[in-house]
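Enquirer: The structure is given below, and queries will be raised subsequently.
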There are 4 protein chains.
Amino acid sequence: EDVQNIADQRKIAIDKVGIKDIKHPVKVSDRTTGEQHTIANFNMYVNLPHQFKGTHMSRFVEILNQHEREITVKSFREMLGQMTERLDAESGYIEMNFPYFVNKEAPVSKVKSLMDYDVTFIGEITGTKTMMTVKVVVPVTSLCPCSKNISDYGAHNQRSHVTLTVRVDSFVWIEDLIDLVEKEASCEIFGLLKRPDEKFVTERAYDNPKFVEDMVRDIAARLNDDSRITAYTVESENFESIHNHSAYALITKGFD
Amino acid sequence: EDVQNIADQRKIAIDKVGIKDIKHPVKVSDRTTGEQHTIANFNMYVNLPHQFKGTHMSRFVEILNQHEREITVKSFREMLGQMTERLDAESGYIEMNFPYFVNKEAPVSKVKSLMDYDVTFIGEITGTKTMMTVKVVVPVTSLCPCSKNISDYGAHNQRSHVTLTVRVDSFVWIEDLIDLVEKEASCEIFGLLKRPDEKFVTERAYDNPKFVEDMVRDIAARLNDDSRITAYTVESENFESIHNHSAYALITKGFD
Amino acid sequence: EDVQNIADQRKIAIDKVGIKDIKHPVKVSDRTTGEQHTIANFNMYVNLPHQFKGTHMSRFVEILNQHEREITVKSFREMLGQMTERLDAESGYIEMNFPYFVNKEAPVSKVKSLMDYDVTFIGEITGTKTMMTVKVVVPVTSLCPCSKNISDYGAHNQRSHVTLTVRVDSFVWIEDLIDLVEKEASCEIFGLLKRPDEKFVTERAYDNPKFVEDMVRDIAARLNDDSRITAYTVESENFESIHNHSAYALITKGFD
Amino acid sequence: EDVQNIADQRKIAIDKVGIKDIKHPVKVSDRTTGEQHTIANFNMYVNLPHQFKGTHMSRFVEILNQHEREITVKSFREMLGQMTERLDAESGYIEMNFPYFVNKEAPVSKVKSLMDYDVTFIGEITGTKTMMTVKVVVPVTSLCPCSKNISDYGAHNQRSHVTLTVRVDSFVWIEDLIDLVEKEASCEIFGLLKRPDEKFVTERAYDNPKFVEDMVRDIAARLNDDSRITAYTVESENFESIHNHSAYALITKGFD
């Protein structure tokens, strides 16, 4: 008989148990092309009531492999339900982290190139309630207002990572979240820039200086106006070009 | 005048703002030797009320450098207070992550060698309340009860990381937390083992099989009995020797 | 005019210059299914003779984006030639690192599941000579012969990473290299194992103990017999289940 | 009897065998303060002739723990000799990687703060010959000459990592290598900068634009003039503020 099925006497329930860091190819819905192929890293957990000794680890992998290379947002929700049901659990949790590509147009030359963004879908079932959270890391340029203000010429600028985590109750494209962040940066960034583009982004950033505090506030202001978003956290980490550490800011709203 | 001091009109307060990922040498209290030198990575944040445009980033670094190479748990608490005060903030947060060494004795030969553990101190001030959280990652051996049970000989085993995060209201040695975890593993691990030690740990693990679920439950049971600990999360990640992914379990109690 | 095209007076040639850490979707040839979609990380460099001030960074990105989501081994070689030519260079270097999936069958139940392997293609042009190097990281189980020998029961075992780097002068499937390594491990590993499979792999590893030294020697012996391989390095890193460090061994042959 | 000592029939010698990724506290010589405490990560290998089945892994850890918290450049050389001798090897290799701190003075205000650098010592014995290699990663600011040239105002700049690897035949301070790199960057970076310092570094970088190619060439020119250095590799990776990838260049000389 299964060791896992032995009755457990310790009277201690487990909040999350399952598999972590398993890679799988997936397809993700793409606003422009319909869908795109990518590779995801999965964490899949359920709760375990106190009376059971162990969960069935192999079932998590079976569920993942059933859908093979066709995982979409729809099948992601299905997997979440299936997993919770097949493991006789009351709560379930799936996290799926993947690089996502957008074919961006350079601002002047209009040449196109792919930019990658780090995206995570988190699905949670608790009893009859399902919650979806989307997290996107958007790399941008930030230019320091203080440095611009006090210097006779130039201003330090750097790559920053803006991490936007949103709870949604209706459909939101990944690209919608990316656009929202990029519009509020000193300047958005690109894979490929020709000379007139490089002039454009240099001057655009200089015309549009933002502290790490400005970045998270301006993004928060836009999120406050978006009715699809019920809770959010916005973080910015600026990899300072004049220091060996980062400047960081965070605003959170609606997560209890 | 300082750009940072300009009045801000956006009416959006910032939950955390400051510096991230700055390294600094520190001294940490050691149960055996009094103290040990190590290197820490710091994150230091305060809140920023809606009416201020920016915080003063250089003050965070000044506070860190005042204490130079002498940061202890005591000065960690002082730094937290100082930072919150000097930045006119209502809340403050410092996270300090460092490798910590314990000089362990092998089980049979009694030869000594250092083992490193990844430790994090988190201090938070909210208004007049101060909270201290300690997190320790303890690497151990786990041996699978199911594999032992169904096989004629042998059993798969592997390195696991047990992460213990505790909120404390009285003093707890880092070594106390490490001991607590190591006693509940299939076997603890060591830097240096002679042949009789290797025989000992091999047989000890085989005699003491534990699922990832058993590990977190047995540690939770001991934490439930420890009055110094007001809240905890215990996680175990087993880097399975028969898979390319981890088995994972988590129990949490007392964090709201 | 282009700053890059100014004549340089320093008389110092540059060995490699280009772009690093750029992600791009690719298609890779698959022995079973024809091809698979994955995501690669690229480094692309050329040499720069002493008389030129700078290379043209945007051309590297253009070359990468021309092939968009259709990069194969064939187009990888084409890209290498194109890059070297378009940048007027004498030597060129492209490194492409990606996760690669194999749909493996469990040893007893025959259930199928995907396993991921970390693969790198390195292409180098020097003058008229082109060299192709393939690197595969194969995760396996290793079981310690000494631990088995001295213990009354059990034996410590763990996940190991075998890294095989080969220079080839005729076509070799990624799967051929993976198979070669997996046959020489204490046991190969799988995404999904049912109970009879778990019994099988536990006993198979116990019946087949190997030191880190045995692993690299047994793989080297097979590589010595493979006429397609003109040079190799084989490394094994065992993430010891009884220590917090790795055991490591390396054999190299034919790289000058 | 030791399984390791059994005669091996495979006729395959092993180039490197030993332990990898073991952490240990160390003391390192410091040009200003005499010495500093830090934490190092060690890789320690020897060769293994074809007739021996295995090396003695525990001896590596013993050698490391003998010197406990007092490892210096001197004891590093001693350890290398001891290890090679105690393991009856013809060749030995030790790699020791650690964060190193320099107390830097801000350019105008002269306030002091620590900056961390990633340093590696590599010692190799082959027969009777000993070679020492030192590697330092120096974070600096780079400012793009093209962006400055084509833009009406501003210029993109970013944090860059310059990695200098040198083979030395007489003593060189870590600080000497850091100084050499920092003088050739668009601007050096600091932990703590007051407002007049921030103005200084912003303008200094703008006055001193450098391509990734310029950075490695200007450093190579200085290395060519330094008689203590018998071989070098200099690399620069610029974490571009306008792209999500890096610009990279490498010059190497004297390593065969």
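The values are calculated or read from the model by the stated rules, or taken from the named source; none is laboratory data. This is a predicted model, so every value here is computed, not measured. Every residue, glycine as well, gets a Cβ built from its backbone with ideal geometry; the counts of neighbours run over all protein chains shown. Accessible surface is based on the protein model in full, side chains and every heavy atom, while ligands, DNA and RNA are left aside. Shrake-Rupley method; radii C 1.70, N 1.55, O 1.52, S 1.80 Å.
Enquirer: Sorting check: for A:37-44, B:73-80, which peptide has the highest mean count of neighbouring beta carbons within 10 Å, and how do the rest follow? Show your work: numbers first, answer last.
Expert: Numbers: A:37-44: 21.8, B:73-80: 17.0.
Top of the packing list down: A:37-44, B:73-80.
Enquirer: Turning to a different aspect of this structure: Using a ≥ b ≥ c from the Cα gyration tensor of the protein assembly as shown (square roots of the eigenvalues), is it rounded, prolate or oblate, where a/c under 1.5 gives rounded and otherwise the larger of a/b and b/c decides, a/b for prolate?
Expert: rounded
Enquirer: Based on the Cβ-Cβ distance from B:Asp2 to B:Lys183, what FRET efficiency comes out when R0 is 56 Å, to the nearest 0.05?
Expert: That gives a FRET efficiency of 0.55.
Enquirer: Round to the nearest 0.05 the FRET efficiency obtained for D:Asp152 and B:Arg195 when R0 = 60 Å and r is the Cβ-Cβ distance.
Expert: 0.20
Enquirer: Taking the Cα-to-Cβ direction at A:Ala13 and at A:Thr128 and moving 7 Å from each Cα, how far apart do the two end points lie in nm?
Expert: Between A:Ala13 and A:Thr128, the label points sit 1.8 nm apart.
Enquirer: Can you tell me the order of A:123-136, B:85-98 when each peptide is scored by its average per-residue count of other Cβ atoms within 10 angstrom, highest first?
Expert: Ranked by mean Cβ neighbours within 10 Å, highest first: B:85-98, A:123-136.
Enquirer: Where the label is 7 Å out from Cα toward Cβ, how close does D:His56 come to the same position in every other copy, in nm, shortest first?
Expert: 5.1, 6.1, 6.3
Enquirer: Could you check the spin-label model distance between B:Phe171 and B:Lys112? Points 7 Å from the Cα along Cα→Cβ, value in nm.
Expert: Each label point is offset 7 Å from its Cα along the Cβ direction, giving 2.2 nm.
Enquirer: Given a 1.4 Å probe, show me the residues in segment B:97-115 buried by at least 20 Å² of accessible surface when comparing the whole protein assembly to the chain alone.
Expert: B:Pro99, B:Phe101, B:Leu114
Enquirer: Using θ = phi - 60° and the Karplus relation 6.51 cos²θ - 1.76 cosθ + 1.60, list the HN-Hα couplings for segment A:30-36 in order, rounded to whole Hz, with x at every Gly or Pro.
Expert: 3J(HN,Hα) across segment A:30-36, in whole Hz: 10, 4, 9, 9, x, 7, 9.
Enquirer: Okay, moving on. Any chance you could check segment C:197-215 for residues losing 40 Å² or more of accessible area when the partner protein chains are in, compared with the chain on its own (1.4 Å probe)?
Expert: The answer is C:Glu198, C:Lys199, C:Thr202, C:Glu203, C:Tyr206, C:Phe211, C:Glu213, C:Asp214.
Enquirer: Right, next: Per residue of D:50-62, what is the mean number of Cβ atoms on other protein chains within 10 angstrom of that residue's Cβ?
Expert: For peptide D:50-62, the averaged partner shielding equals 5.
Enquirer: Once every DSSP H run of n ≥ 4 in chain A is given -39500 (n - 2.57) and the sum is divided by its residues, what mean residue ellipticity at 222 nm do you get, rounded to the nearest 500 deg cm²/dmol?
Expert: -8000 deg cm²/dmol
Enquirer: Enter the accessible area per residue of chain D (Å², integer; probe 1.4 Å; all protein chains in place).
Expert: Ligands and nucleic acids excluded, the result is 37 Å² per residue.
Enquirer: Note the distances from B:Pro196 to each other copy's matching label point, with points 7 Å along the Cα-to-beta-carbon direction, in nm, sorted shortest first.
Expert: Distances to the matching label points in the other copies: 4.6, 6.9, 8.2 nm.
Enquirer: Only loop residues by DSSP count here, and only those with at most 10 other Cβ atoms within 10 Å; note down the chymotrypsin sites (Phe, Trp or Tyr not before Pro) in segment A:155-217 that meet that.
Expert: Taking segment A:155-217 and a limit of 10 other Cβ atoms within 10 Å, the loop chymotrypsin sites (Phe, Trp or Tyr not before Pro) found are A:Phe171.
Enquirer: Same structure again: Do you know the relative contact order of chain A, to the nearest whole percent, from alpha carbon pairs under 8 angstrom that are 6+ apart?
Expert: Once divided by the residue count of chain A, the mean separation gives 14 percent.
Enquirer: Direction-averaged shadow area of the convex hull around the Cα atoms of chain A, nm²? Write out the running numbers ahead of the final one.
Expert: On the way: hull surface 67.1 nm².
Quarter of the Cα hull surface area: 16.8 nm².
Enquirer: What FRET efficiency comes out for D:Asn208 versus A:Arg77 if R0 is 60 angstrom and r is the Cβ-Cβ distance? Round to the nearest 0.05.
Expert: Plugging the Cβ-Cβ distance into 1/(1 + (r/R0)^6) gives 0.65.
Enquirer: A further question on this structure: Could you tell me how far the Cα centroid of segment B:66-135 sits from the Cα centroid of segment A:119-166, in Å?
Expert: So the separation of the two Cα centres works out to 28 Å.
Enquirer: Distance from the Cα centre of segment B:1-61 to that of segment D:185-256, in angstrom?
Expert: If we compute the Cα centre of each part, the gap is 29 Å.
Enquirer: Right, something else. Tell me the angle of helix D:57-66 to the major Cα principal axis of chain D, expressed in degrees between 0 and 90 and rounded to the nearest ten.
Expert: Compared with the principal axis, the helix lies near 60 degrees.
Enquirer: Now a separate question. Size of segment C:111-182 along its principal axes in angstrom, Cα-based, largest extent first?
Expert: The Cα atoms of segment C:111-182 stretch 61, 31, 16 Å along the principal axes, largest first.
Enquirer: So which of A:Lys11/A:Lys129; C:Lys27/C:Lys104; B:Lys74/D:Lys110; D:Lys20/D:Lys135; A:Lys148/A:Lys183; C:Lys129/D:Lys129 end up more than 24 Å apart, counting from Cα to Cα?
Expert: Table pairs above 24 Å Cα-Cα are A:Lys11/A:Lys129; B:Lys74/D:Lys110; C:Lys129/D:Lys129.
Enquirer: Turning to a different aspect of this structure: Quick one: if you take sqrt(5λ) for each eigenvalue of the C-alpha gyration tensor of segment B:140-223, what semi-axes come out, biggest first, whole angstrom?
Expert: Those come to 26, 17, 8 Å.
Enquirer: Please report, as a whole percent, how much of the solvent-accessible surface of segment D:96-223 comes from carbon and sulfur atoms (probe radius 1.4 Å). Could the numbers behind the result be given before it?
Expert: On the way: 2000 of 4000 Å².
It is 50 percent, rounded to a whole number.
Enquirer: A follow-up question, please. Is there a quick way to get the dipole size of segment D:1-158? I mean about its Cα centre, with the Cβ of Lys and Arg at +1 and of Asp and Glu at -1; what is the value in debye to the nearest 20?
Expert: For segment D:1-158, the charge dipole is close to 380 debye.
Enquirer: Where does segment D:11-103 land on Rg(C-alpha)/(2.2 N^0.38 Å)?
Expert: 1.19
Enquirer: Right, another one. Over both sides of the B-A contact, add up the buried accessible area with a 1.4 Å probe and give it to the nearest 100 Å².
Expert: The summed interface area works out to 3600 Å².
Enquirer: Treating the angle as unsigned and between 0 and 90°, give the value, to the nearest 10°, between the Cα long axis of helix D:195-207 and the longest Cα principal axis of chain D.
Expert: For helix D:195-207, the angle is close to 90 degrees.
Enquirer: What residues of segment D:134-170 lose no less than 50 Å² of accessible area with every protein chain in place versus their chain by itself (probe 1.4 Å, heavy atoms only)?
Expert: D:Cys146, D:Ile150, D:Tyr153, D:Asn157, D:Arg159
Enquirer: Moving on to the next point. Hey, which residue of C has the C-beta nearest the axis mapping C onto D, and what's the distance in Å?
Expert: Nearest-to-axis residue on chain C, with distance in whole Å, is C:Asp256, 5.
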